[in-house]
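Before any comments, here is the structure.
The values are calculated or read from the model by the stated rules, or taken from the named source; none is laboratory data. Note that this is a predicted model, so its numbers are computed, not measured. With ideal geometry, Cβ positions are generated from the backbone for all residues, glycine too; neighbour counts draw on all protein chains shown. SASA here: full protein model, heavy atoms, side chains in, ligands and nucleic acids out. Shrake-Rupley method; radii C 1.70, N 1.55, O 1.52, S 1.80 Å.
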Amino acid sequence: MNAKETITEGKAVLGIEFGSTRIKAVLIDQNYNPLAQGSHTWENRLENGLWTYSLDDIWNGLKDCYSSLRDNVRSMYGVEIKNLSAIGVSAMMHGYMPFDSNGTLLTPFRTWRNTNTGEAAIKLSELFSFNIPLRWSISHLYQAILDKEPHVNSISFLTTLAGYVHWRLTGRKVLGIGDASGMIPVDSCTKEYNAEMIRKFDSLVCNEQLGWNLKDILPSILEAGEQAGTLTIEGAALLDESGNLQPGIPLCPPEGDAGTGMVATNAVRQRTGNVSAGTSSFSMIVLEKELSRPYKVIDMVTTPDGSPVAMVHCNNCTSDINAWIGLFSEFLQLMGGKAEMNDIYTSLFNHSLTGDTDCGGLLSYNYISGEPVADIENGRPLFVRSASSTFNLANFMRSHLYSSVGVLKIGNDILFHDEHIKVDRITAHGGLFKTKGVGQRILAAALQSPIYVMDTAGEGGAWGIALLAAFMERDDRMPLASFLEEKVFAGNKGEVIVPDENDISGFNTWISKYKEALPIEALASDCCV
């Protein structure tokens, strides 16, 4: 079946992902290859001290993204999308979206980027004997209770962004197990929320007279392969304002971007891992055994089929680089020059590799927002050099590339050096790796591990949730890991870069100075500017 027939006969699968800076839609065929895509650019806002997107941002963005996909399909194939085999929705993990019994959002959406939940995260981590990160939904909920926010008594349903969009499209209050594990810990044996932790939480807040129990307000958990409802008439109208898309299309469980990243990089089997690097960065290592103890900077989540995963999540990655690239572009225009942004990125990224492996003593801190792994509360991007540093463009760019994965290295050193975790393959995807070989080489030096990158490195998330939707439609019920290895990737591991010893030595010198100078960043973080 060719591409046009696949679309006209309703055999294509749609994946939609709400990333931090872009909403993306990918249409794939029955061989899991992309047929068309659409996108919408958006940006979070800092309002009343909290990072958020409005509901209008969400729905107008989704409609524009889908409209962009329709335009792409009509341009390439001359047909209209009227039916689909399956749909999947994913989004940035965690955050806080509480609703009342009428389905009204009680506070503006609080994203993963917020770091105002410190008191709650500390108390819950002690209560559960389990690391509870600042960005998890349970941290946001308990912090709202501690802060005596009046809306908490009216909560009827609490979910993530992916869970919210899925609910509005299907009417079902469900969540994929990977995204659910970023609300409150999940028991990998029962594949449900940890019952003992729920009991402890309810006991902790019993005197607050909230009128609800925790389990009653959480979405039901589904695993990869299960059907999670169908597109309603109202949902179809929310997605496609042209009215062409028909209701009744099955949807897979909504997932977080961490889960779709694992799928898109074929990293759901034990001893595999992946790194996603865009606005934020995170690594996911699928474990053979439990860690010896909880770590503040290591989050325990699950794969979309429920296996335990050690996650290092960093709030900041490429946003500061993007800002500097924008400055260089502005200067180029001022001088009468003209270049595409992709060409500017490519030129500067490649030029960075001609710099000193230790960046000539230059340091960069890319903290647009607070960075919990580094124990920095507020975002203060910072560039530091001494009078004796080798200050040139190559070292400047290299220091910013190092900074994009510096905090990720700090967290992963615990796994590889302290816990002696073994991995057979680490695959990377995300915007950092669009310039061939550069981000991949930097990451290989940071993690001291071979790094694989697929052809889909820059666009993995939407494709990943499309694969989960396609997996739901299969009849053979093979395990997710086998489906990915045998049907989707068929042995293709991508292109690999092995770490260079000089790069490793230079990065180690740089990260040592980076950690020594963190008090400067902490001071900047505490200052009001």
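Just order 435-441, 355-361, 420-426, 336-342 by mean Cβ neighbour count inside 10 Å, highest at the front, would you? Working shown, then result.
Details: 435-441: 19.7, 355-361: 21.4, 420-426: 16.0, 336-342: 9.9.
Ranking, from highest mean packing down: 355-361, 435-441, 420-426, 336-342.
What number, in percent, do you get for the relative contact order of the chain if the mean sequence gap of Cα pairs under 8 Å and at least 6 apart is divided by its residue count? Show your work: numbers first, answer last.
Details: 1136 pairs, mean separation 80.7, N = 529.
Computed value for the chain: 15 percent relative contact order.
With labels modelled as points extended 7 Å from the Cα through the Cβ direction, what inter-label distance (nm, one decimal) is found for Gln246 paired with Ala490?
3.1 nm
Just order 158-169, 183-194 by mean Cβ neighbour count inside 10 Å, highest at the front, would you?
Values: 158-169: 26.3, 183-194: 18.3.
Ranking, from highest mean packing down: 158-169, 183-194.
Determine the sum of side-chain charges near Ala258: Lys and Arg each +1, Asp and Glu each -1, restricted to other residues whose C-beta is under 10 angstrom from that of Ala258.
Details: positive: none; negative: Asp179, Glu255, Asp257, Asp299.
Summing Lys and Arg as +1 and Asp and Glu as -1 gives -4.
Using only the Cα atoms of the stretch 267-369, build the gyration tensor, take square roots of its eigenvalues as a ≥ b ≥ c, and label the shape rounded, prolate or oblate: rounded if a/c is under 1.5, else prolate if a/b is larger than b/c, else oblate. Spell out each step's value before the answer.
Values: a/c = 2.80, a/b = 2.43, b/c = 1.15.
Verdict is prolate for the stretch 267-369.
Residues of the stretch 230-251 with backbone nitrogen within less than 20 Å of a virtual label 7 Å along the Cα-to-Cβ line of Leu55, please, listed as ranges.
Only 232-241 fall inside the zone, counting backbone N under 20 Å.
Let me check the size of the stretch 454-529 from its C-alpha atoms; what are the radius of gyration and Dmax in Å?
Calculated on Cα positions, Rg and Dmax stand at 21.5, 58 Å.
Which one, Leu480, Ala445, His429, projects farthest toward the positive side of the charge dipole computed for the stretch 425-496 from Cβ point charges (K/R +1, D/E -1)?
Ala445
Scattering from the C-alpha atoms of the stretch 62-118 alone, worked out with Debye: what is log10 I(q)/I(0) at q = 0.17, 0.29 1/Å?
Values returned for q = 0.17, 0.29 Å⁻¹ are -0.80, -1.19.
How many percent of Cα pairs in the stretch 372-520 exceed 24 Å? It would help to have the intermediate numbers written out before the result.
Numbers: 5016 of 11026 pairs.
The share of Cα pairs beyond 24 Å in the stretch 372-520 comes to 45 percent.
Can you say what percent of the DSSP beta bridges in the stretch 170-285, counting only those with both residues inside, are antiparallel? Round to 5. Each step should come with its number before you reach the end.
On the way: 8 of 11 bridges.
Of those bridges, close to 75 percent are antiparallel.
Listed here are the pairs Lys63/Lys436; Lys409/Lys436; Lys289/Lys487; which of them are more than 25 Å apart at the Cα? Write out the running numbers ahead of the final one.
Working: Lys63/Lys436 32 Å; Lys409/Lys436 21 Å; Lys289/Lys487 27 Å.
Too far apart for the 25 Å limit: Lys63/Lys436; Lys289/Lys487.
In what sequence, highest mean first, do 285-291, 504-510 appear when ranked by Cβ atoms within 10 angstrom? Walk me through the numbers on the way to the answer.
Values: 285-291: 16.7, 504-510: 19.1.
Ranking, from highest mean packing down: 504-510, 285-291.
Tally Lys and Arg at +1 and Asp and Glu at -1 over the other residues with C-beta under 12 Å from the C-beta of Pro294: what net charge comes out?
Details: positive: Arg293, Lys296; negative: Glu126, Glu290, Asp299, Glu419.
So the environment of Pro294 carries a net charge of -2.
Determine the principal axes of the Cα atoms in the stretch 1-125, then give the extent along each, sorted from largest to smallest and rounded to whole angstroms.
On the principal axes, the stretch 1-125 reaches 56, 29, 27 Å in Cα extent.
Round to the nearest 0.05 the FRET efficiency obtained for Thr190 and Ser386 when R0 = 60 Å and r is the Cβ-Cβ distance. Working shown, then result.
On the way: r = 55 Å, r/R0 = 0.91.
Calculated transfer efficiency: 0.65.
Can you give me the long-range amide H partners of Lys173? Hydrogens built in the peptide plane at 1.01 Å from N, cutoff under 5 Å, separation of 5 or more residues or another chain.
none
Nearest 500 deg cm²/dmol is fine: what mean residue ellipticity at 222 nm does the chain get from its DSSP H runs of n ≥ 4 alone, each adding -39,500 (n - 2.57), divided by its residue count? Intermediate results must be reported in sequence, preceding the final value.
On the way: 17 runs with 191 residues, N = 529.
Mean residue ellipticity, 222 nm, calculated: -11000 deg cm²/dmol.
By its C-alpha gyration tensor, with a ≥ b ≥ c as the square roots of the eigenvalues, how is the stretch 187-313 shaped: rounded for a/c under 1.5, else prolate for a/b larger than b/c, else oblate?
Values: a/c = 2.11, a/b = 1.18, b/c = 1.78.
Judged from the Cα gyration tensor, the stretch 187-313 comes out oblate (a/c at least 1.5, b/c at or above a/b).
Need one word for the stretch 79-169: rounded, prolate or oblate. Basis is the Cα gyration tensor (sqrt eigenvalues a ≥ b ≥ c); a/c below 1.5 gives rounded, then a/b vs b/c decides. Before the final figure, lay out each step's value.
On the way: a/c = 2.99, a/b = 1.80, b/c = 1.66.
Prolate shape, in that a/c is at least 1.5 and a/b is the bigger ratio.
How high is the relative contact order of the stretch 342-440, in percent, counting Cα pairs under 8 Å that sit 6 or more residues apart?
After rounding, I find 31 percent.
Return the long-range amide H neighbours of Thr427 (sequence gap of 5 or more, or a different chain), with a cut-off of under 5 Å between placed amide H atoms.
Result for Thr427 returns Gly273, Asn274, Val275, Tyr452.
Could you pull out every residue, at least 5 positions away or on a different chain, whose amide H is within less than 5 Å of the one on Gly229? Hs are placed 1.01 Å off N in the peptide plane, and Pro or chain starts have none.
It is Leu251, by chain and number.
Let me check I have the definition right: for the chain, take the eigenvalues of the Cα gyration tensor, multiply each by 5, take square roots. What are those semi-axes in whole Å, largest first?
Working: eigenvalues 228, 172, 104 Å².
Equivalent ellipsoid semi-axes, largest first: 34, 29, 23 Å.
Once Rh is set to the Kirkwood radius over Cα pairs, what Stokes-Einstein translational diffusion coefficient, in µm²/s, holds for the stretch 226-290 at a temperature of 10 °C and a viscosity of 1.306 mPa s? Walk me through the numbers on the way to the answer.
On the way: Rh = 14.4 Å.
In µm²/s, the coefficient rounds to 110.
Send over the per residue convex hull volume for the stretch 113-237, Cα only, as a whole number of Å³. Present the calculation step by step, with values, prior to reporting the outcome.
Working: hull volume 14.6 nm³, N = 125.
With only Cα atoms used, the stretch 113-237 gives 117 Å³ per residue.
Calculate, in nm to one decimal, what Met76 and Glu208 gain on full extension: separation in residues at 0.36 nm each, minus their alpha carbon distance.
On the way: separation 132, 0.36 × 132 = 47.52 nm, distance 5.79 nm.
Here the segment from Met76 to Glu208 would lengthen by 41.7 nm.
Using the Karplus equation 6.51 cos²θ - 1.76 cosθ + 1.60 (θ = phi - 60°), what ³J(HN,Hα) coupling, rounded to whole Hz, does each residue of the stretch 290-306 give in order, writing x for Gly and Pro?
Result, rounded to whole Hz: 5, 5, 5, 6, x, 10, 4, 9, 10, 9, 9, 10, 9, 6, x, 10, x.
So what's the net charge close to Ile145: Lys and Arg +1, Asp and Glu -1, counting the other residues with Cβ under 15 Å from its Cβ? List each step's numbers first, then the result.
Details: positive: Arg110, Lys123, Lys148, Lys200; negative: Glu119, Asp147, Glu149, Asp202, Glu208.
Here the charged neighbours net out to -1.
What percentage of the solvent-accessible surface of the chain, computed with a 1.4 Å probe over protein heavy atoms, is contributed by carbon and sulfur atoms?
Working: 9850 of 20670 Å².
Carbon with sulfur: 48 percent of the solvent-accessible area.
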